[in-house]
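Colleague: Pasting a structure here, questions to come.
The values are calculated or read from the model by the stated rules, or taken from the named source; none is laboratory data. Please read these numbers as outputs of a predicted model, since none were measured by experiment. Positions of Cβ are generated from backbone atoms using ideal geometry, with glycine treated the same way; all protein chains shown enter the neighbour counts. For accessibility, only protein heavy atoms count, side chains too; no ligands or nucleic acids. Shrake-Rupley method; radii C 1.70, N 1.55, O 1.52, S 1.80 Å.
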Amino acid sequence: MAPQRDTGSGAEAELPEYAGQYRLESCLGSGGMGVVHLATSTSGLRLAVKVVHAEFAKDPEFRGRFRQEVAAARQVSGAFTAPVVDADTDSARPWMATLFIPGPTLAEHVKRNGPMPPGQLRRLMAGLAEALRDIHRAGVVHRDLKPSNVLLAEDGPKVIDFGISRPKDSELRTETGKLIGTPPFMAPEQFRRPREVGPAADIFALGSVTVHAATGRGPFDSDSPYVVAYQVVHDEPDLTGVPENLAPLVRDCLAKEPEDRPTADELMHRLRSVAASYDTQAFIPAQREKGPGPGGERAVRDSPAEKTSTGPDGTTAGERDGGQADAAPGRGEAGRPRRRVLVVATALVLVAGGVLGSVRLLGDDGDTAADGTATPRATVAAAPALEAWATRPAPKKSGAPQCAYGAGALVCAQPGLVSALDPADGRVLWRHPVTGDTSEPPVVSGGLVHVSTDGGGRSQALDPETGEVRWERDLTAYGGRRFVGGVLLLTSADGTVTGLDGATGDTLWSRAVPGQREAYFTSFGGGGPAYVASVTGTGTGARTRVTAVDPETGDVEWDARLDGDLKPVGASGSALFLLAGGGVYGDTVGVVRHDPASGTTDRLTLPVRLEQALAVVRGDRVCLLGIGGALVTVDMKAGRQLWRAETGVAQGSAPVTDGRYVYFTTADGRLLALDAREGRLAGQTPPRLGDTDRVVAALPTPVVADGRVLAGAPDGTVFAVDAGAPAGW
């Protein structure tokens, strides 16, 4: 990619191709501090990467300010902000990567569409109040809330740009005589007493932003920033055009004295009394596609006689997707009237960074495990509690360890180190230093522990008892690497796949996969087939070819062509489960189950699409976790969504389940457990964030083994808790 050009004021003639490991794809915008680029992480996350201007990178004071921005943004990462994924404040060109949030800024929306209607305005004000509540609870004052720092996402407003934010107890003080902020949205005390600015200044800015959204102008309006400053301090706000039911709240937000303004919590309470129910339309209706009703589309099975699924022997069965869901509105299976009443969990469980509530559809069997097996609660005896533990394999290192279980040990990788721990008590069994990036978890294959080193350029096979190197191999010539059972599959640039014996490193076979130009494999459960999925076409014309390969021999077990943009996420029995994507942002719109043994394909459309979902499969059930914390479980056998829970977690790891609970980790080092039957929060561990500026792009997936859940945290800790007793975490 040629160096990108930026025509923004003061920008460099040529911008870097990379920030850390992230390739910068296009320019999203430029400001006084730096340039924001669109990028994609290795796992497929779309990111907004802010790179500091070169001339400012040489200024120690400016670097300190950027460190403050990163720290503040990390501190408040949640459902109402753009979560920080990664950052490097010490590089030659400091940068910070946050999740890319599709949607315009409030300034762009108002300029393009004019003032917001009352319903959207109430939602905006309520969303900003919620955002400020979380920001202030984290001990941060934003100090520059304005329309260009509010993104209008489909699920509500997101507050961005913490460049001049400060902790309430920060020792960093504003220089005498220097004003920090944007005058039309600054509070009086920011002009009069800039050293004493607190959370109330953000409430004042919220009032000004609301007036701008309602009228297209501010409550204090002038072409001169000096006149605006005088008006803010001395004049009454102009609220002409603000809806009557909101004007008193906005006026209180714009009170001259900080103590006269409501807090974010008080504002939320008053907004609830203004309107019994907020409008449910999206901020940007044109971006939302009309979806199915509360139950979603029922799973549709493609008849074997209408599919063409080709096996390695050339035999075919019919294939056709596109069976119809129940057409009768308001009716579920067998034409029965769909129940209109939902049971809404009224107990709201406070979690760090958000509130979790769950909604469960009536008719779900509460005495059934996540995989569909009966587990009568009255007959399950309570097991003795397992002792929790926490340890740091490398006391002087931070960074979330990525762990895997095998050969009786928990093996973990973090920058510069691989270690083995006793899963019973956390005792370190051995440590093995490595070079380069070790952000991927080790793999136990062929009785050995395999770890990538030198940024993935080499693979070392370690003795599981001692950590000594048994064999190693240079992998720079291979673009794809995947362990399946006891075999390492390597894909070269020309599409040739080589299978290596995981125990010895010897070559077992080498050949191309028929019909697949780029054979990048995935697998599930440590064994079974290796799958290659390639997508052709886009939108409604997309089709996915899936090939299952025997890792021991390289033989094709089956090959199928399925409609849609599909990604394999799990296997159960002979069936493969895939997520169906849709839209320009890669949202997950449905789940597909393909069984090559019967030649059938079941399809289920989600009632509400999920952004960048990760999934786990158990039996006929699939649990999906999307960006923003929505956790969903669907039953492909029953053909319906069982439950959806809003966890309030901005970014979570891939989920795992043992049938009783669904577990995942968060960016601040928590481990959450939700009841797999109904989606209620069952327990969570305390945060383990540490004091580093770096947050891993791929959060560590928890491991369930020997009755425990084991996970890594950003502060370098590996910890274990009793899988059967999350309430006691």
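Colleague: Would you confirm whether any residue within the range 104-121 is buried (at least 23 other Cβ atoms within 10 Å of the Cβ), under 27 Å from LEU699 (Cα atoms) and not aromatic (Phe, Trp, Tyr)? Outline the logic, then answer.
Modeller: Residues of the range 104-121 that are buried (at least 23 other Cβ atoms within 10 Å of the Cβ), as a first pass: 106, 116.
Filter again for under 27 Å from LEU699 (Cα atoms), leaving none.
No, the range 104-121 contains no residue that is buried (at least 23 other Cβ atoms within 10 Å of the Cβ), under 27 Å from LEU699 (Cα atoms) and not aromatic (Phe, Trp, Tyr).
Colleague: Show me the strands (runs of 3 or more DSSP E) entirely contained within the range 591-672 in which 2 or more residues are surrounded by fewer than 24 Cβ atoms within 10 Å (Cβ to Cβ).
Modeller: Result: 600-610, 614-618, 630-635, 640-646.
Colleague: Strands (runs of 3 or more DSSP E) wholly in the range 497-548 with at least 2 residues that are closer than 27 Å to ARG458 by Cβ and of a type in the set (S, T, N, Q) - which ones?
Modeller: 507-512, 521-524
Colleague: Next question. So if I check each of ALA530, ALA519, ALA571, ALA575, which one is of a type in the set (A, V, I, L, M, F, W, C) and open to solvent by 10 Å² or more (accessible area, probe 1.4 Å)?
Modeller: ALA571
Colleague: Please go through the range 555-590 and give me each residue that is of a type in the set (Ser, Thr, Tyr), free of Cβ contacts under 8 Å to residues at least 40 places away in the same chain and part of a strand (DSSP E or B), ordered by number.
Modeller: Correct list: THR588 only.
Colleague: On to the next question. Working only within the range 467-507, note down all residues that are open to solvent by 10 Å² or more (accessible area, probe 1.4 Å), farther than 20 Å from SER452 by Cβ and not acidic (Asp, Glu).
Modeller: Within the range 467-507, just THR496 meets the criteria.
Colleague: Oh, and also: Against the condition touching a residue at least 12 places away in the same chain (Cβ under 8 Å), assigned to a strand (DSSP E or B) and on the phi < 0 side of the Ramachandran plot, how does LEU699 come out, does it pass?
Modeller: Values: touching a residue at least 12 places away in the same chain (Cβ under 8 Å): yes; assigned to a strand (DSSP E or B): no; on the phi < 0 side of the Ramachandran plot: yes.
It is false that LEU699 is touching a residue at least 12 places away in the same chain (Cβ under 8 Å), assigned to a strand (DSSP E or B) and on the phi < 0 side of the Ramachandran plot.
Colleague: If you take the residues of the range 78-96 that are open to solvent by 20 Å² or more (accessible area, probe 1.4 Å) and closer than 21 Å to GLY139 by Cα, which of them is modelled with the highest pLDDT? Lay out the reasoning, then the answer.
Modeller: To start, the set of residues in the range 78-96 that are open to solvent by 20 Å² or more (accessible area, probe 1.4 Å) comprises 79-80, 88, 90-93.
Filter again for closer than 21 Å to GLY139 by Cα, leaving 79-80.
Values: ALA79: 68, PHE80: 79.
For the range 78-96, the residue satisfying everything is PHE80.
Colleague: Considering every residue within the range 82-93, establish whether at least one is within 20 Å of ALA213 (Cβ to Cβ) and charged (D, E, K, R).
Modeller: no
Colleague: Can you work out which of the residues in the range 438-453 that are touching a strand residue (DSSP E or B) at 6+ places or on another chain (Cβ under 8 Å) and assigned to a loop (DSSP other than H, G, I, E, B) is most open to solvent (accessible area, probe 1.4 Å)?
Modeller: The extreme case among them is GLU440.
Colleague: Out of all the residues in the range 416-437, is one or more closer than 30 Å to ALA385 by Cα, surrounded by fewer than 20 Cβ atoms within 10 Å (Cβ to Cβ), touching a residue at least 60 places away in the same chain (Cβ under 8 Å) and among the hydrophobic types (A, V, I, L, M, F, W, C)?
Modeller: Yes: the range 416-437 contains one or more residues that are closer than 30 Å to ALA385 by Cα, surrounded by fewer than 20 Cβ atoms within 10 Å (Cβ to Cβ), touching a residue at least 60 places away in the same chain (Cβ under 8 Å) and among the hydrophobic types (A, V, I, L, M, F, W, C).
Colleague: Something else about it: Based on what the data block shows, is THR522 free of Cβ contacts under 8 Å to residues at least 12 places away in the same chain and in contact with a strand residue (DSSP E or B) (Cβ under 6 Å, 6 or more places away or on another chain)? Let's see the steps before the verdict.
Modeller: Numbers: free of Cβ contacts under 8 Å to residues at least 12 places away in the same chain: no; in contact with a strand residue (DSSP E or B) (Cβ under 6 Å, 6 or more places away or on another chain): yes.
Here the answer is no, as THR522 does not meet what is asked.
Colleague: Output the residues belonging to the range 120-141 that are out of contact with any Lys or Arg (no Cβ under 9 Å at 6 or more places or on another chain) and either more than 16 Å from VAL250 (Cβ to Cβ) or in a loop (DSSP other than H, G, I, E, B) (or both).
Modeller: Of everything in the range 120-141, those that are out of contact with any Lys or Arg (no Cβ under 9 Å at 6 or more places or on another chain) and either more than 16 Å from VAL250 (Cβ to Cβ) or in a loop (DSSP other than H, G, I, E, B) (or both) turn out to be GLU130, ARG133, ASP134, ILE135, ARG137, ALA138.
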